[in-house]
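Beneath this line is the structure, given in structure tokens, with notes to follow.
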Amino acid sequence: MFDQLFIDNEFVAPAAGRRFDAIDPATEQRIATLALADAGDVDRAVRSAHRAFAAWRRTTPAERTRLLLKAAALVEARRDEIARLETLDMGKPLRESLANVARAVRSFEYAAGATDKLEGQSIPVDARSFNFTHLEPVGVTAHITPWNYPFANACRSLPVALAAGCTAVVKPASETCLTTLLLGDVLREAGFPPGVVNIVTGSGTEAGAALARHPLVRAITFTGSVGTGQRIAQYASEHVRPVVLELGGKNPQLVYADADLDLALRETVRGAFTNAGQVCTGVSRVLVERPAYTRYVEALRERVEALTVAPGLDDADLGPLVSEAHRRTVAGHVSAARDEGARLVAGGSVPPDRGRGWFFRPTVFDQVDPAMRIAREEVFGPLLVVIPFDGDEEALAIANGVEFGLAAGIFTRDLGRAMRLVRDLEAGMVWVNEWFQSPVQVPHGGVKHSGIGREQGLAAFANYLQTKDVAIRFG
């Protein structure tokens, strides 16, 4: 199935017969051959979804619930197969892939439970009129997903769209397509009708652009880089389509001297180096109150140097980066940080015992000025900077002084201070005394260049529904 596209519930060859390779980032070996879709293939997929929409929109909430729960059960039954494939394709440790599959199951279950709760409202107008609103699915939706969480991200937006009565075309990142194609097989087995979900693989510049620009696509959800998100927003404007964007982050973690420093350190390491730092919501800047700064940096160094780096199937602390090109990008940020005068505390190089694979050691810099590139630009890798601050005003100035605003964290025992900071931090998500607190039932998204719109929770259904107002005059 991996060398084909998923259209009309069938795995079909790309029209032009073009292919490209999927590479295991831990071994640099080919693990599959994939279909390289062109604009014609994308058109086939979109038209399939468009045909299916007429019937799918009229299915009952109970029927959509049944199918979504069946999909959840099948994903759970195939969890080991999906997780292993995800690790081979993307590189992350196996335990993280298993957690991603569990989250996908929960996403399907949550969406299944919402199908019969998507309600309109009645609105009082006058004594001779009855006015009410009706929620309707928008139509064909495009889901352009990232390479860092291919299965979990496809399962974040897709079940919500299906629960709302929309059909879909999913375009995974070219680096990591395998588990998304496997999802097509799962949904077919679950009993979703032909055309309700279609999957096309290929490049972003060709297949992704053709999908975002297609006139029959009624809404777009995208997770990825700022530059690509800006282009997709422009494409969406051509047909006046709504778009949801989760883009980059340069997320600050504010650590006060009164915090539980052991807890803060654990969450720093987890937040910075999960998935080898290839996480939009990961910790990338640790701002530490000056009285705790020196000991925090030293304790952080000890913990980071103890982390293991190995192939994902070995379930080490960090797996490889997704590609050779991305590793060069991360290494370039390390060189730039040294050139600007930051001090390397830990890591900063390829592990000497890793001859093959795109591995990189977890890296920490201190003596970092907030104006340095390393403190302002998203690295999207295992690279963390530590910056001291004195007082709330300086902490907020540093935290808010970048173009991103996805996530932020506060570690302190003073909850009054924490609530004041929550109000003033420019971020779509703020976590107090923990990191990565974003279960599927809560809204997820950013502000500024980190994106627009929200995924997850009931807020996500607004991406796939439109409101129709109905007015009836009587008497």
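The values are calculated or read from the model by the stated rules, or taken from the named source; none is laboratory data. Because the structure is a prediction, the values reported are computed rather than measured. Neighbour counts are summed over all protein chains in view; Cβ atoms, including those assigned to glycine, are modelled from backbone coordinates with ideal geometry. Accessible surface areas use protein heavy atoms only, side chains included; no ligands, DNA or RNA. Shrake-Rupley method; radii C 1.70, N 1.55, O 1.52, S 1.80 Å.
Quote the accessible area belonging to LYS468 in square angstrom, nearest 10, computed with a 1.4 Å probe and with ligands, DNA and RNA left uncounted.
Spelled out: LYS468, probe radius 1.4 Å, area about 100 Å².
Accessible area of the chain with a 1.4 Å probe: how many percent of it is carbon plus sulfur? Spell out each step's value before the answer.
Values: 9380 of 18270 Å².
Within the chain, the accessible surface is 51 percent carbon and sulfur.
Given only helices, namely DSSP H runs of n ≥ 4 each adding -39500 (n - 2.57), what is the per-residue ellipticity at 222 nm of the chain, to the nearest 500 deg cm²/dmol?
About -12000 deg cm²/dmol.
Loop by DSSP (not H, G, I, E, B), at most 16 other beta-carbon atoms within 10 Å: where is the longest site-free stretch of the chain for GluC sites (Glu not before Pro)? Intermediate values should be presented prior to the final figure.
Details: sites that count: GLU28, GLU119, GLU340, GLU377, GLU403, GLU434.
In the chain, the maximal stretch lacking such sites is 120-339.
Just report the Cα centroid separation between the range 96-117 and the range 351-399, whole Å.
Cα centroid to Cα centroid, the span is 33 Å.
With unit charges on the beta carbon (Lys/Arg positive, Asp/Glu negative), name the residue among ALA152, ALA209, VAL226 whose Cα is farthest towards the positive pole of the charge dipole of the range 147-251.
Among ALA152, ALA209, VAL226, the one farthest towards the positive end of the dipole of the range 147-251 is VAL226.
How many angstrom separate the Cα center of the range 283-331 from the Cα center of the range 155-226?
32 Å
Please get the size of the charge dipole for the chain, origin at its Cα centre, with Cβ charges of +1 on Lys and Arg and -1 on Asp and Glu, quoted in debye to the nearest 20. The partial results should precede the final answer.
On the way: 52 positive and 57 negative charges, 243 e Å.
Dipole magnitude for the chain comes out near 1160 debye.
Mind pulling the angle between the C-alpha long axis of helix 290-305 and the longest principal axis of the chain? Nearest 10 degrees, somewhere in 0 to 90.
Roughly 80 degrees, rounded to the nearest 10.
At 1.4 Å probe size, with every protein chain present, just tell me what the per residue accessible area of the chain comes to in Å².
Accessible area per residue, the chain: 38 Å².
Which one of ALA71, ASN131, ALA104 is farthest out on the positive end of the charge dipole of the range 22-142, using unit charges on Cβ (Lys, Arg +1; Asp, Glu -1) and the Cα centre as origin?
Farthest along the dipole direction, towards plus: ASN131.
List the pairs from LYS70/LYS92; LYS448/LYS468; LYS70/LYS117; LYS92/LYS117; LYS117/LYS468 whose alpha-carbon separation is above 25 Å, in the order I gave them.
LYS70/LYS92; LYS448/LYS468; LYS92/LYS117
Using the alpha-carbon centroid of each, what span in Å lies between the range 56-79 and the range 240-269?
For the range 56-79 versus the range 240-269, the Cα centre distance is 33 Å.
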